[in-house]
Structure formats: C-alpha cells, structure tokens
Amino acid sequence: MMLRKRVLVTGGVGFLGSHLCERLLAEGHDVLCIDNFFTGTKDNVLHLLDNHHFELVRHDVTFPLYVEVDEIYNLACPASPVHYQHDPVQTTKTSVHGAINMLGLAKRVKAKIFQASTSEVYGDPHIHPQTEDYRGNVNPIGPRACYDEGKRCAETLFFDYHRQHNLRIKVARIFNTYGPRMHPNDGRVVSNFIVQALKGEPITIFGDGSQTRSFCYVDDLIEGFIRLMASGDDVTGPINLGNPGEFTIRQLAEQVIAETGAKSKLIFKPLPQDDPLQRQPNITLARQHLGWEPKIPLKDGLKRTIAYFDDLLRRMKVEAAS
Ligand SMILES: NC(=O)c1ccc[n+]([C@@H]2O[C@H](COP(=O)([O-])OP(=O)(O)OC[C@H]3O[C@@H](n4cnc5c(N)ncnc54)[C@H](O)[C@@H]3O)[C@@H](O)[C@H]2O)c1
C-alpha cells in the first residue's frame, strides 16, 4: 500500500509547480502549495481547488514557514529573464533566503528537500554538452547574475545543510522546459514563438538563430522530479534534467511555423548580454541513477503547447471584448 505523504511545493502555482501539484495529487499525496503569486497565477491550479487533499496558501519564501511536511519541493523563483530582472535584489533574496528558510524547515521536521536549480549555473559554458562536474562560466556582476548566482548559492546551502546537518537533499539542474501554462509573454523562446505565430506576427529571433537550445516537455521533466525525490539518500545530485536533443533557435522557429500553419516571417534582433550560445544537457547521471530520459518528441510537445496557447489567446480575446 502506498503511504500518503504531506508534500510542500513552493512556487506551486507557477508553470512547473502546477504540473507537479497535479502529479503529486494523482499519486495520492496531500499537497500544500505556497506561492506569492509574483509570476504564477491561481488559474493554473483552479481545477485543483476543490480537491480536499490540496491546500493553497499565499506565502513568500523569503519569510520563514512553520508547517509539518514529509517532503519539500522548492520551486519558488521567477524563471524567465524579464521576470527575474524586474527586481533583481528580490530574485537573489528569493533564491538565497528562500533556500535558507526551506532548508531550516526541512531540518526541523526532518523532511526530504528538492531544489529546482538550473542549467544557468553553467553560465555561458565552455564545455558541451554540460556534465554536472563542470563548474560553469557565470558573469557574477552581469544582469543575469541575480538568478544564476542566486541559484548557485542555493546549491551551496543545500550541500552545506547536507554535510553539516545530514539533510536528505535532491538538487536538479533543470534545462529549458516548455508546455501548457507557460506565461504567454515572459520572453521565453518557445512561448514567444508560439504566441507570435498564433497572432500572425513576425517571429523575433535574437542573434542569427544559430545558437542552440534543448527543449524538454513538462511531463517528462516532472517524471524526473518524482524519480529524483524517490531515489536513495545517496543520490543528492546535482543532476541534470533536460532533453539532450539539440535544436538551433532558427529550427525551433521553423517548426513552430510548420505546426501552427502560420505565415509569420522571421525577424532578427541583437543578442542580449550574456546570452549563452549553446545549451545541451548530458543526462548520463539521470539515466544511471533514475533510469530517466525524456520520451516526448519536440513535435508532439509543441502540438500540445500550441493547443494550450491557442485556447488561451481565444479566451483572452473574448475577455477583452466583453
Ligand atoms: N521552466 C524552466 O525551463 C526552468 C528551467 C530551469 C529552472 N527552472 C526553475 O524551476 C522553478 C519553477 O520555474 P517555472 O518555469 O515554473 O517558473 P514560474 O515563474 O512559472 O514559477 C515560479 C513560481 O514561484 C513563485 N514565486 C516567485 N517568487 C516567490 C517568492 N519569493 N515566494 C513564493 N513564491 C514565489 C511565482 O509566483 C511562481 O508561481 C524555478 O525555481 C526556476 O528557476 C525552470
């Protein structure tokens, strides 16, 4: 018989958090979702509010939290450059104070704790694809540092709590993930391209489009989270979770045009500062320790994501007209 666990998800109404809450409920757990609603929206969990095993609380992770839980997934943090650069000091606080508060909670209640770290800890990488032992090439004083260095410091805290207090930690380095419930206008490349294509607008490419990214569909990623949390205590991470399939930004734009049937043209703008040229995970560790690898091809994931945005844009149009 499976034991019902009490699971805390910080940042639970965000893109990834809402999918994680759904999955945990489906597995029969009690889910406490906390969020300060900075980038996430209640709409993402509206369908869960009637579930007696789901609880939503407005809370900012930069303040301590006192609850009894068995597992913590710490996802709270704005994830896209437009959002995390909006108030960079708050972004660092969210990563660092948020990690301290959640680690303190995990220590008090002896919970297992998962950290949503990021491929951004590798910065603009000198090695390709990135393995977990690569220490990264981050500009500590650039405009992305509030996020990159905040996440790096959070990892440091996780490992110090592990060494100093024997905390059971799980650190995932997440690579670009996409899917339904991404924000329609947060500047992330997949949502940007889809929204522009569905509106029949030109698709904006920063740089010449030859920079590469890997794109993981959200359901694949969440499966990785669950497997990592369930792994033995010796598996602490950091562990890369992402899709190793590599595409140029131009290829992505062309695929979005093909899947939406849009007539959009491509327009090119200068690359933002410190934008990495290549990003691709090496997922050997995830394969070995979790038996995990992504299953959903870009074409299928794009179809599901396009259907979501198509519906969202229609609803937004109706709301604007009424
Ligand atoms: N989506 C990706 O491709 C990706 C890649 C790497 C890492 N991550 C990490 O995964 C996590 C979730 O990302 P996402 O894509 O779902 O982003 P998101 O912006 O949709 O979700 C983040 C959530 O955290 C909440 N939040 C922000 N600051 C908070 C605070 N101080 N207190 C409480 N809640 C707060 C937001 O309101 C939002 O609901 C983030 O930590 C992000 O850094 C995501």
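A short reminder: the numbers here are calculations on the coordinates, not readings from a lab. The shown structure was predicted, so the numbers you read here are calculated from the model rather than taken from an experiment. Here Cβ is always computed from backbone atoms with ideal geometry, including for glycine, and neighbour counts include all displayed protein chains.
Could you please find all residues in region 258-276 being surrounded by 13 or more Cβ atoms within 10 Å (Cβ to Cβ) and among the β-branched types (Val, Ile, Thr)? Once the filter is applied, which keeps residues that are surrounded by 13 or more Cβ atoms within 10 Å (Cβ to Cβ) and among the β-branched types (Val, Ile, Thr), region 258-276 yields only Thr260.
Output the residues belonging to region 83-119 that are part of a helix (DSSP H, G or I), among the β-branched types (Val, Ile, Thr) and within 24 Å of Thr177 (Cβ to Cβ). Full working, then the answer.
To start, the set of residues in region 83-119 that are part of a helix (DSSP H, G or I) comprises 83-84, 88-109, 119.
Now narrow it down to the ones that are among the β-branched types (Val, Ile, Thr): 89, 91-92, 94, 96, 100, 109.
Scanning region 83-119 gives Thr91, Thr92, Thr94, Val96.
Give Glu132, Glu120, Glu155 a once-over and let me know the one that is more than 8 Å from the ligand (Cβ to nearest atom) and crowded, with 20+ Cβ neighbours inside 10 Å. Steps first, please.
Numbers: Glu132 fails: crowded, with 20+ Cβ neighbours inside 10 Å; Glu120 fails: more than 8 Å from the ligand (Cβ to nearest atom).
Exactly one residue qualifies, and that residue is Glu155.
Considering the conditions (1) in contact with a strand residue (DSSP E or B) (Cβ under 9 Å, 6 or more places away or on another chain); (2) more than 9 Å from the ligand (Cβ to nearest atom), Gly28 is excluded by exactly one of them, (1).
Of Glu246, Glu254, Glu319, which residue is out of contact with any Asp or Glu (no Cβ under 9 Å at 6 or more places or on another chain), closer than 14 Å to Val190 by Cβ and of a type in the set (Asp, Glu)?
Values: Glu246 fails: closer than 14 Å to Val190 by Cβ; Glu319 fails: closer than 14 Å to Val190 by Cβ.
It is Glu254.
Name every residue in region 58-80 that is buried (at least 16 other Cβ atoms within 10 Å of the Cβ), within 11 Å of the ligand (Cβ to nearest atom) and part of a loop (DSSP other than H, G, I, E, B), in order of residue number. If the condition is that a residue be buried (at least 16 other Cβ atoms within 10 Å of the Cβ), within 11 Å of the ligand (Cβ to nearest atom) and part of a loop (DSSP other than H, G, I, E, B), then His59, Asp60, Val61, Thr62, Leu65, Leu75, Ala76, Cys77, Pro78, Ala79, Ser80 are the ones that fit. Assuming His83 fulfils every condition listed in (1) touching a Phe, Trp or Tyr at 6+ places or on another chain (Cβ under 8 Å); (2) touching a residue at least 60 places away in the same chain (Cβ under 8 Å); (3) near the ligand (Cβ under 7 Å from one of its atoms); (4) within 15 Å of Val9 (Cα to Cα) apart from one, which condition is it? The failed condition is (4).
The numbered conditions (1) assigned to a helix (DSSP H, G or I); (2) within 19 Å of the chain's Cα centre (by Cα); (3) surrounded by fewer than 19 Cβ atoms within 10 Å (Cβ to Cβ) are all true for Lys295 except (1).
State yes or no: is Arg173 basic (Lys, Arg), within 16 Å of the ligand (Cβ to nearest atom) and outside any loop (DSSP other than H, G, I, E, B)? The answer is yes for Arg173. Summed over region 214-273, the residues that are assigned to a loop (DSSP other than H, G, I, E, B) and free of Cβ contacts under 8 Å to residues at least 40 places away in the same chain give a count of 3.
Of the residues making up region 17-36, those that are under 11 Å from Tyr73 (Cβ atoms) and in a helix (DSSP H, G or I) are Gly17, Leu20, Cys21, Arg23, Leu24. From the list Lys151, Lys170, the one residue that fits, being among the charged types (D, E, K, R) and either touching a Cys at 6+ places or on another chain (Cβ under 8 Å) or closer than 17 Å to Asp275 by Cα (or both), is Lys151. Candidates are the residues of region 88-99 that are without any contact (Cβ under 8 Å) to a residue 60 or more places away in the chain, within 16 Å of Gly11 (Cβ to Cβ) and not polar (S, T, N, Q); the one that is farthest from the ligand (Cβ to nearest atom) is Ala99. Considered as a group, the residues in region 31-46 that are out of contact with any helix residue (DSSP H, G or I) (no Cβ under 8 Å at 6 or more places or on another chain) and more than 12 Å from the ligand (Cβ to nearest atom) include one that is nearest to Arg4 (Cα to Cα), and that residue is Leu32. For region 186-219, residues that are within 15 Å of the ligand (Cβ to nearest atom) and farther than 13 Å from Phe15 by Cα total 10.
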